[in-house]
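First comes the structure, then the notes that go with it.
Just so you know, all these numbers are worked out from the coordinates, no wet-lab data involved. Computed from a predicted model, the values in this text were never measured in an experiment. Cβ: placed from backbone, ideal geometry, glycine included. Neighbour counts: every protein chain shown.
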Amino acid sequence: MMVGMYSVVLTIHSWMRWLTLALAAAATFNASRPPAEGAKALPGRWWDTFLMLAVDLQVFFGLVLYFGLSPFTKEAMQNVSLAIATPALRFWAVEHAGGMFLSVLLVRMGRVLAANAKTPAAARNRRFVCFAIATMGMLLSIPWPGLRNGRPLFRF
């Protein structure tokens, strides 16, 4: 039963990647747009909300995989020193999870820093920088095909 659940959750997590990346690109693009003259609200704030929702869902499925279903992280947690020394285990236990965790933090930071900015221009810059770095972090932490730990672009 766990193998079947692992496959389902992994497939959902894999497909959600595309939605999350699209929303990250859209939120980053919208964060780069200057606010309209005299406008108090920044343009594209709904994209921020959708991005945070997608990121939260990805984190949920990722944590289910990381702490419950993934044979890679189960093995890594049994022997951490072996996991660090083994590139495949290190990727899943540290690099992928760490890169994605930093990306999630940057998305959240972008929203908080923008909300506390004194000017719309400062808010725009903070959102843009945080979202752009978060998007790059996501792209760098994904197991793309052709890489040592690569996975297929689409799971079926």
### Task
Take the alpha-carbon centre of the stretch 135-156, take the same for the stretch 1-62, and report the distance between them in whole Å.
17 Å
### Summary
Pseudo-spin-label distance residue 122 to residue 21, built 7 Å along Cα→Cβ, given in nm, is 3.6 nm
### Message
Can you pull out the trypsin sites (Lys or Arg not before Pro) in the stretch 1-78 whose DSSP state is coil and whose Cβ has at most 16 other Cβ atoms within 10 Å?
### Response
40
### Task
Would you mind counting up the charge near residue 96? Only other residues with Cβ under 13 Å from its Cβ, with Lys and Arg at +1 and Asp and Glu at -1.
+3
### Query
In percent, how large is the relative contact order of the stretch 2-141, given Cα pairs closer than 8 Å and 6 or more residues apart?
29 percent
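Just subtract the alpha-carbon distance of residue 11 and residue 105 from 0.36 nm times their residue separation and send over the number in nm, one decimal.
31.4 nm is the gain from fully extending residue 11 to residue 105.
Taking the Cα centre of the chain as origin, work out the dipole magnitude from +1 charges on Lys and Arg Cβ and -1 charges on Asp and Glu Cβ, in debye rounded to 20.
Its charge dipole is roughly 340 debye.
Roughly speaking, what % of Cα-Cα pairs in the stretch 6-111 are separated by over 25 Å, rounded to a whole number?
Details: 1869 of 5565 pairs.
Tail fraction, whole percent: 34.
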